[in-house]
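Note sheet for the following structure.
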Amino acid sequence: MTSNHVAIIGAGLSGLTLALSLHKQNIPCTIYESRSASLDIGGALMLSPNALRILDSVGIYKDIKTRGFNFKDLHFRTTVPLDSYEFGSQEKYGYDALRIYRHELIDALLAATKDLGIEIHYGKKFIQILTETETDVSWEFEDGTTATAACLVGADGIHSRVRKYLYPDLEPMFTNAVGVNAAVPTAQLNLPEGFDLPVTIMNPKHGAFVIALQLRDGSEAFIGKPKRAPELDREGWNALLDDKQWCVDFLRQGAEDFPQVVQDAVSNIPLDRINLWPFYVVPKLDTWTSKYSRVVILGDAAHAIPPTAGQGINQAFEDVYTFAVILARCKSQELERGLKIWQWGRQERVDRILELNAQIDARRMPRDPGLGPSEIESRPFDLEWLYSPDFDEMAQKWLEEAAEI
């Protein structure tokens, strides 16, 4: 679909990366963001080689690789090590994994879009689609203004307003769990020799406690664990977060039943470094595109991936990059077929991530010592398919395979 303008709703990580991906394919675009600036809260992210290859392809990896903490493996343990899971490897996949603060990544993406002259309009809250035809789509903003483009993409997160056009009655489902986390100095952990990080420490009574290093030199540690909770609205979550003491009390609850490193981790928790992360999911959707394929959703708006394998944002980056490649290789009259192929290819990889999540869950959960490992537990991790693909070649292969059907 050449010489057609794409409108992007949302100037977060997915929207900004989509703009850079479209620019690489010589497809003009404009970003619209409801807030007065790109949202950069939410702590740090873990990026695996598949996402880092995409960020390298759009020109920002060189700017971010020294802004975060590089690592290779995720570890699982109780009082003793249980298992490890490769999250990156320069030697195998070309990139170590990177834990980076969201604001650092946002800053790099914004700088790149500015250098390329990509327009971002802030304070433009998308309200509704007005008309959609076989050639374009028009929509309205909260301020009463309207706009038209060849394609409108909802990169506006799990509570997507654009998704309402495709699924008017769908609401994301709260999992009745919220992540309570904080950042503390790494020196406070008094890490024993051979205690590998990042780590998920499992306890049959209290669940999981997570520790991960962050900042370039690893001098800061993320600590956190999930809590069962009823659903609240945004004001409710904000009010809950304002009460920092309950967060501290919860992180400390049961610490004596974990290894000493957890007790040290929660011994001094700065109140200004506490955060909450409510867990929502979206059911598997039949389609990510509208009737005439002029409205599209992707990332968290289209699929929600549990955090087990740490692939949420990484898969969103795969969405946006392959979307841009497919769009560039489709003529306007082939758009509907092209985007069906794109969703088919992307859904296949999302489904494999869900299988990987199940494998990780099975291997890290305690079992009866008298029973041997199940088939899913004993199956070796195969991560080449996840971390090593060339996404331009992948998208082209999707098109070729579909042409043979």
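Values as computed for the structure displayed
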item: Single match in L52, L16 (criterion: within 22 Å of I129 (Cα to Cα) and part of a helix (DSSP H, G or I)); result: L16
item: Qualifying residue in the stretch 125-142 (condition: at positive phi and modelled with pLDDT under 95); result: no
item: Number of the exception - D169 against (1) farther than 23 Å from S14 by Cα; (2) open to solvent by 50 Å² or more (accessible area, probe 1.4 Å); (3) in a strand (DSSP E or B); result: (3)
item: Top-ranked residue of the stretch 188-211 - restricted to ones that are at positive phi and in a loop (DSSP other than H, G, I, E, B), ranked as most open to solvent (accessible area, probe 1.4 Å); result: N190
item: Filtered residue count, the stretch 212-233, keeping only those that are over 17 Å from N176 (Cβ atoms) and either at pLDDT below 90 or surrounded by fewer than 14 Cβ atoms within 10 Å (Cβ to Cβ) (or both); result: 2
item: Members of the stretch 132-151 found to be open to solvent by 70 Å² or more (accessible area, probe 1.4 Å), farther than 19 Å from G15 by Cβ and not polar (S, T, N, Q), listed by number; result: E134, D143
item: From the options S84, S48, S57, S89, residue that is over 25 Å from R294 (Cα atoms) and under 15 Å from the mean Cα position of the chain (by Cα); result: S48
item: Pairs, first closer than 21 Å to P192 by Cα and aromatic (F, W, Y) in the stretch 242-262, second open to solvent by 30 Å² or more (accessible area, probe 1.4 Å) and at pLDDT 95 or above, C-beta under 9 Å, six or more apart; result: none
item: Residue that is nearest to A112 (Cα to Cα), among those in the stretch 68-95 that are in contact with a strand residue (DSSP E or B) (Cβ under 6 Å, 6 or more places away or on another chain) and basic (K, R); result: K72
item: Filtered residues of the stretch 58-93 (kept if in a loop (DSSP other than H, G, I, E, B) and surrounded by 18 or more Cβ atoms within 10 Å (Cβ to Cβ)); result: V58, I60, K65, G68, F87, G88
item: Which listed residue, of D73, D115, is within 21 Å of the chain's Cα centre (by Cα), among the acidic types (D, E) and at pLDDT 95 or above; result: D73
item: Selection count, the stretch 234-257, where residues are of a type in the set (K, R) and either outside any helix (DSSP H, G or I) or open to solvent by less than 60 Å² (accessible area, probe 1.4 Å) (or both); result: 1
item: Enumeration of residues in the stretch 287-320 that are open to solvent by less than 10 Å² (accessible area, probe 1.4 Å) and among the β-branched types (V, I, T); result: V295, V296, I297, V320
item: Matching option when the condition is assigned to a strand (DSSP E or B), over 26 Å from E86 (Cβ atoms) and under 20 Å from the mean Cα position of the chain (by Cα), among F174, F222; result: F174
item: Only one of I120, I129 that is open to solvent by 30 Å² or more (accessible area, probe 1.4 Å), of a type in the set (A, V, I, L, M) and closer than 28 Å to Y280 by Cβ; result: I120
item: Only one of V162, V180 that is closer than 30 Å to H23 by Cβ and under 21 Å from the mean Cα position of the chain (by Cα); result: V162
item: Near pairs, Cβ below 8 angstrom, 6+ apart or cross-chain, from the stretch 207-225 (over 14 Å from L74 (Cα atoms)) to any residue that is basic (K, R) and not in a strand (DSSP E or B); result: R216/R67
item: Residues of the stretch 204-239 that turn out to be small (G, A, S) and out of contact with any helix residue (DSSP H, G or I) (no Cβ under 8 Å at 6 or more places or on another chain), as a count; result: 6
item: Pairs, first in contact (Cβ under 8 Å) with a residue 40 or more places away in the chain in the stretch 91-111, second assigned to a loop (DSSP other than H, G, I, E, B) and polar (S, T, N, Q), C-beta under 6 Å, six or more apart; result: Y93/S388; A97/S48; I106/S38
item: Selection from the stretch 344-364 of residues that are more than 15 Å from the chain's Cα centre (by Cα), farther than 22 Å from W398 by Cα and polar (S, T, N, Q); result: Q359
item: Test: residue in the stretch 23-30 that is among the hydrophobic types (A, V, I, L, M, F, W, C), under 18 Å from L298 (Cβ atoms), assigned to a strand (DSSP E or B) and touching a helix residue (DSSP H, G or I) at 6+ places or on another chain (Cβ under 9 Å); result: yes
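Matching residues to (1) under 26 Å from C151 (Cβ atoms); (2) of a type outside the set (D, E); (3) modelled with pLDDT of 95 or more:
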position	(1), (2), (3)
V261	no, yes, yes
V266	no, yes, yes
R273	no, yes, no
L276	no, yes, no
S290	yes, yes, yes
V295	yes, yes, yes
A301	yes, yes, yes
A304	yes, yes, no
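The values are calculated or read from the model by the stated rules, or taken from the named source; none is laboratory data. Values in this document were obtained by computation on a predicted structure and should not be read as measured data. FYI the Cβ positions are ideal-geometry reconstructions off the backbone, even for glycines, and counts take in every protein chain you see. Protein only, heavy atoms only, side chains kept; ligands, DNA and RNA dropped before computing areas. Shrake-Rupley method; radii C 1.70, N 1.55, O 1.52, S 1.80 Å.
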